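What follows is a single structure, written as structure tokens, with notes after it.
The values are calculated or read from the model by the stated rules, or taken from the named source; none is laboratory data. Nothing here was measured: the structure is a model prediction, and the numbers come from that model. In this analysis, Cβ positions are derived from the backbone assuming ideal geometry, glycine residues included, and neighbour counts consider all displayed protein chains.
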Amino acid sequence: MRGRPRWAVAFVVLAGVLVGAATASTQTQATTLRLALLPQWVVSQHRAGLGPSGAGPLRPEFRTALDRGVVERVVFSGERGVIRRDWLLRKPVRVVTGPDGLRLGARGEFDLGALRPPTGAAAWTEVDVAMRTGRPDDVLVLEIGGELGTLGQVLEAIFVLPEGGTLTELSLAPAALVTRDGVPVLQAPFGRPLARPDAAQRFRGLGGVEFLVVRSLIEVMVDAAMTPRGLADASPHWAGEWREGDRVFLRLPAATLTGAPPRVVLAWKDRVSLAPVGGDR
């Protein structure tokens, strides 16, 4: 049997490459998540008094502020429906993969694309995510926060806005003697993976998105520490200054990502100073 001409072989190889590329492109699906990263006082100014839990219901002007209320001017105390642009927070976002992701219930492969801070009148930060494997049982886990800083480091509130639904607040449940319903706030060392074997079962959420908060103690100043202005004064106490910082894990299954992912509002307050272990302050 005579062999095929070289041009025919080349055509077959090229066709195979094109088919493979087309298949790969159909497997990669992109979606955009929308987050509002706000300081806690923006939410407080839109609450209608205090409720039974100490946090009152939100006024309708809060939705206006989120969707079209970002302004470049000064915002006065008590003014609602607006957010000054420089009040909006920026947070690091990463996809949790590998063994760390498996412990949190992640499955499949995802690529983090563009992260677009708000530039117009809306307060939503846009996060592009590409689903590489595209399997129906894939699960994305994102980590938000966990950076070193002073302002906007401790999570105060979570709100979920499903497509066509209403804005709903999820309560937080820090570790306590009495177990409470809500999104768990777990204690873990700063900068290390969450090694708890039950981490994947601790997520709580609404509308196809689930949350888990990890709170860490961070030593921000020690005796004779070097600061931008030189050597720090020696502390009269044996330990340095300890504060708290949070990172938030978001978990979304493929069904949520390929549909209409709910929008998420994360409100943050400044770090809380804590007395060091064994100290007298």
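At-a-glance table
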item: The stretch 23-47 residues that are modelled with pLDDT under 95 and basic (Lys, Arg), paired with ones that are in a helix (DSSP H, G or I) and surrounded by 14 or more Cβ atoms within 10 Å (Cβ to Cβ) (beta carbon under 9 Å, 6 or more apart); result: Arg47/Phe62
item: Test: Pro118 is in contact (Cβ under 8 Å) with a residue 24 or more places away in the chain and in a loop (DSSP other than H, G, I, E, B); result: yes
item: Residue that is farthest from the chain's Cα centre (by Cα) [pool: residues in the stretch 135-161 that are part of a loop (DSSP other than H, G, I, E, B) and buried (at least 17 other Cβ atoms within 10 Å of the Cβ)]; result: Asp138
item: Filtered residues of the stretch 58-74 (kept if in contact with a helix residue (DSSP H, G or I) (Cβ under 8 Å, 6 or more places away or on another chain) and of a type outside the set (Gly, Ala, Ser)); result: Leu58, Phe62, Val70, Val71, Glu72
item: Selected residue [over 13 Å from the mean Cα position of the chain (by Cα), at positive phi and modelled with pLDDT of 95 or more] from Gly164, Gly182, Gly108; result: Gly108
item: Test: residue in the stretch 43-58 that is closer than 22 Å to Arg247 by Cα, buried (at least 18 other Cβ atoms within 10 Å of the Cβ) and under 22 Å from the mean Cα position of the chain (by Cα); result: yes
item: Filter result for Gly152 (of a type outside the set (D, E, K, R) and within 15 Å of Leu38 (Cα to Cα)); result: yes
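Condition check ((1) part of a loop (DSSP other than H, G, I, E, B); (2) surrounded by 14 or more Cβ atoms within 10 Å (Cβ to Cβ); (3) free of Cβ contacts under 8 Å to residues at least 40 places away in the same chain) across all residues:
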residue	(1), (2), (3)
Leu66	no, yes, no
Ser77	yes, no, yes
Arg80	yes, yes, yes
Asp100	no, yes, no
Gly105	yes, yes, no
Gly113	no, yes, no
Ala123	yes, yes, no
